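The block underneath contains the structure these notes are about, expressed in structure tokens.
Nothing in this text is a laboratory measurement; each read-out follows from the coordinates by a stated rule. Note that this is a predicted model, so its numbers are computed, not measured. Positions of Cβ are generated from backbone atoms using ideal geometry, with glycine treated the same way; all protein chains shown enter the neighbour counts.
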Amino acid sequence: MAAYGDFAEIPAKQWERQFEFTDRAVVRRRFRAGEIICREGDYGSTAFYVVRGKVDIFLSSPIAHAKSRKSDAQSRGIFGLIRRFATGLVSANQDQREEEQRRHWIPIDAPIDLAYDNPVGQLGPGDLFGEMTCMSFYPRSATVRAAEDCELLEMLRNVLEVVKKAKSFKAKIEANYRQRALATHLRSVREFAELPDEFIDYLRPRVELLTYEPGAAICNQGDAADSLYLVRIGFVQVSQRHPGGDLVLAYLSRGQYFGEMGLIAGGVRTATCRALDHVEVVRINKEDFDVMVQRFPGVRAKLQVEAERRAAATRLQTETAAQIPLDRFLEQGLMNAQNVLLIDLEKCTRCDECVHACGAAHGGITRLLRDGLRYDKFLVTTSCRQCTDPLCMIGCPVGSIRRRESLEVIIEDWCIGCEKCAKQCPYGNITIHNFDVAELSRVYEGQKVIELADTAQDGSKRAVVKKATTCDLCSGLAEPSCVYACPHDAAIRVHPQEFFSGQLP
Amino acid sequence: VIIDRSHWRWMIATLALTAIASISYAVYAARWPDGPGGGTIPGMIYGLLGSGLMLFAGLLSARKRVPTWRLGRAQTWLKGHIWLGILSVPLILFHSSFRWGGRLEQVLWWVFALIVLSGLFGLALQQFLPRLMLKLVSMETIYEQIPHVCLAIRGSADEVVAVVCGPLGVEEPSADAEEKGKKKTKASQPMEGSGPLKDFYVRQVRPFLDSNYSVTAPLASATHASAMFEQVRIMLPQPLHQPLDQLAVFCEERRQLALQSRLHGWLHGWLMIHIPLSCVLGVLGTAHAVLALWY
């Protein structure tokens with residue numbers, strides 16, 4: 001290791017300690033041009049450091065989301081009443097969803113972000129990727145392929161921790177970030193998209209790159225607001241103190257920011273922000289923030305709008321939390337839920353028509369199971385509750401799961417089907433849908449996607465693509481299929497707090 | 001489906017239509033020159049109406065096969081199935097002028113009667129069985145999952161006992177169990193005085209926790225089970241009481257799952273008569289109509 005200049009300053013004794021238990025804590029790997037180094041969605045525990053050569057980093061999953069709709073082939077029914085539903089993949093251009101955020105950049109576990117329209121990038125000597133996978137065991141966020149014959153160091157967490165502590169290496173990584181990634185990272189945030197190169201050059205040496213261990217407080221509610229933070233790696237939990245305990249307001253991942261509310265109001269922190277895992281943030285101090293908002297009134301206006309939106313969402317959640325109800329109501333997560341499918345067990349004959357209907361409306365894959373916890377005479381089924389504390393969002397390696405204004409969970413087009421959100425959901429309410437697509441043979445030439453390879457018409461081999469799906473309430477239909485198909489009037493979709501208001505103190 | 005206020009309109013409409021059909025039949029029976037019969041025009045109209053209603057009732061099954069087609073809410077279809085099905089009874093009676101007819105017609109009568117009775121029986125069960133299941137089976141699971149849940153319970157019980165009694169020495173259909181996610185039991189050194197617990201578990205509890213246990217098993221009765229557990233408790237030292245209590249909980253879970261299976265059987269078993277006979281009625285009814293029109 002000492003032979004690699006970047007790690008020369010690390011004492012030999014420190015390396016010996018790392019290799020005490022395994023001499024394969026770091027391995028040198030050589031790849032020929034075209035060889036896959038790691039695939040998106042795969043679980044791993046290592047990070048890669050590019051020593052020599054170049055690698056392409058890209059998303060091979062189609063940039064599309066799952067949508068259930070009436071099949072074109074079956075749409076000519078009697079007065080349009082007879083409709084057969086199929087679930088397919090559609091892009092944001094084909095299906096602009098309500099409040100759709102057209103992100104221009106997709107966050108990945110690398111020093112660069114990928115463009116939404118052309119999700120391919122290139123890394124070269126000195127670049128480190130796979131840090132989140134290595135530190136927090138998240139799925140790989142992108143596929144990496146050798147663009148030319150190359151040499152990489154693949155390292156376990158203990159080695160990564162050592163090299164990241166080395167001053168010269170840390171300085172190099174930070175310099176790389178400032179030089180190559182800061183601009184796209186800042187511009188990937190809608191509010192900062194209009195910042196000119198000249199101002200980013202001004203910020204480049206001034207921003208601080210900070211690291212936090214899991215559980216560490218980045219800022220505390222009530223502290224003086226002195227900076228804006230942009231999440232670079234990891235997940236940050238935003239919570240507020242209340243008499244009944246902490247209320248989680250949001251989870252932020254790469255490409256999101258916090259701290260602007262206190263700065264704009266010129267006051268104190270309104271929430272506590274804590275690192276959920278290994279977190280790295282970019283800190284812009286108050287003086288630079290003030291210069292930015294003074295020079296760019298457009299940025300200020302956008303930040304103001306966002307701050308007001310966040311304040312309104314916080315008020316809504318705080319009001320909801322103020323009605324602390326029955327213990328069981330809380331235990332079952334109903335306090336959090338916005339919309340649940342209840343089954344009246346005094347009426348239900350356990351015929352599973354609701355489950356069959358859900359499957360029929362979603363390409364044969366049901367998004368609900370007639371199982372779950374009971375509250376009173378109702379079964380709270382395994383179907384998305386649109387929680388106000390959406391744990392499913394923690395760990396998405398590409399930040400493709402988010403909430404609408406209505407708090408409903410939405411899966412963005414760049415979901416890579418790694419199943420992390422499905423595993424995170426405490427209620428098992430996210431399902432993974434397999435789609436048969438034409439074999440994924442995207443061709444990249446000069447870092448540009450030139451073909452999306454839909455060659456299945458000639459009967460060529462097909463591939464399976466996974467996408468996370470959640471209850472969409474059968475949007476586009478007057479009533480969710482599960483409710484419509486229940487012959488016993490037992491299945492109902494309700495807002496639990498309103499529905500059970502009579503039973504709550 | 002629970003017969004509640006939402007059924008009143010259907011009930012009133014059925015009663016009103018039955019009354020109208022009865023009055024019209026009385027008039028027709030009194031005034032028709034050769035007396036009422038299935039071959040007369042009014043008789044054929046009753047037959048057509050009755051058959052139409054039966055056909056509609058039968059379409060519920062087809063409707064369920066296309067749950068996403070917006071052909072009306074399933075509960076409206078079920079209400080129609082129940083009440084129009086009931087309305088078909090007087091219409092068919094008026095069609096036949098209360099006569100048995102030939103052999104084919106007699107078979108038709110029996111089939112029709114069994115369909116109506118099984119349907120009413122199922123409807124009656126639906127009024128209280130779901131409520132009973134809610135009350136008695138707090139550990140209810142998805143019916144099809146019961147064998148898997150039993151296997152999981154038995155796996156957990158094996159683990160509890162093996163920790164205090166050492167290896168159980170029971171044969172496992174291991175490949176199958178592994179496939180179903182059963183964990184490997186971790187055995188340790190047997191605790192002093194654990195012999196009775198192991199013996200009780202291997203002879204009584206473990207077979208009972210199987211997905212196919214004997215219905216005459218003593219543990220199938222909560223009262224017997226309680227007595228048996230008390231007997232074993234006396235023989236065990238204090239530290240082994242907790243694993244014994246855990247086994248009692250597993251047995252209670254198994255009893256609940258068995259009860260769920262039984263109640264589920266009752267709740268859906270009548271369909272085994274109702275649906276096949278409805279198909280038979282369709283075939284025989286068509287034959288009856290063709291023969292009657294031909295001859």
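Some values worked out for this structure:
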| quantity | calculated |
| --- | --- |
| Axial C-alpha extent at least 30 Å, average Kyte-Doolittle at least 1.0 - helices from chain B (DSSP) | B:103-136, B:271-294 |
| Highest-MSF residue in chain B out of B:ARG154, B:ARG255, B:ARG65 [GNM, Cα springs under 10 Å] | B:ARG65 |
| Base-10 log of normalised Debye intensity for the protein assembly as shown (one unit scatterer per alpha-carbon) at q = 0.09 Å⁻¹ | -1.07 |
| Euclidean distance of C-alpha centroids, the range A:175-225 and the range B:69-94, integer Å | 67 Å |
| Links that overshoot a 23 Å alpha carbon limit, given the list A:LYS347/A:LYS423; A:LYS347/B:LYS79; A:LYS302/A:LYS467 | A:LYS347/A:LYS423; A:LYS302/A:LYS467 |
| ³J(HN,Hα) computed for each position of the range A:50-63 - Karplus, 6.51 cos²θ - 1.76 cosθ + 1.60, integer Hz, glycine/proline x | 7, 8, 8, x, 10, 10, 8, 10, 7, 9, 8, 5, x, 7 |
| Cut-off under 5 Å, modelled amide H: who pairs with A:LEU276 long-range | A:GLY215, A:PHE235, A:VAL236, A:GLN237 |
| The range A:189-286: GluC sites (Glu not before Pro) in DSSP loop, at most 12 other beta carbons within 10 Å | A:GLU194 |
| Per-residue HN-Hα couplings for the range A:253-266 [Karplus 6.51, -1.76, 1.60; θ = phi - 60°; Hz; x = Gly/Pro] | 10, 3, x, 10, 9, 8, x, 6, 5, x, 5, 5, 6, x |
| Charge context of A:ALA250, other residues only, Cβ under 9 angstrom, K/R +1, D/E -1 | +2 |
| Span from the the range A:27-63 Cα centroid across to the the range B:127-169 one, whole angstrom | 46 Å |
| Distance histogram in 5 Å bins (all Cα pairs of chain B, percent per bin) | 1, 5, 9, 11, 11, 10, 8, 7, 6, 6, 6, 6, 5, 4, 3, 2, 1, 0, 0, 0 |
| Calculated from backbone phi, Karplus (6.51, -1.76, 1.60) coupling profile of the range A:114-120 in Hz, x at Gly/Pro | 9, 6, 4, 6, 8, x, 9 |
| Sparse-neighbour loop sites [chymotrypsin sites (Phe, Trp or Tyr not before Pro); the range A:111-156; at most 14 other C-beta within 10 Å; DSSP] | A:PHE137 |
| Fluctuation leader among B:MET54, B:MET272, B:MET11 - chain B, Gaussian network, Cα springs under 10 angstrom | B:MET272 |
| Helix-only mean residue ellipticity at 222 nm for the protein assembly as shown, each DSSP H run of n ≥ 4 adding -39500 (n - 2.57), per residue, nearest 500 | -13000 deg cm²/dmol |
| Other-chain or far-sequence residues with amide H under 5 Å of A:ILE106's (modelled H) | A:LEU114, A:ALA115, A:TYR116 |
| Over the range B:1-86, volume per residue of the alpha carbon convex hull, in Å³ | 96 Å³ |
| Principal axis dimensions, the range B:44-95 - Cα atoms, whole angstrom, descending | 38, 16, 13 |
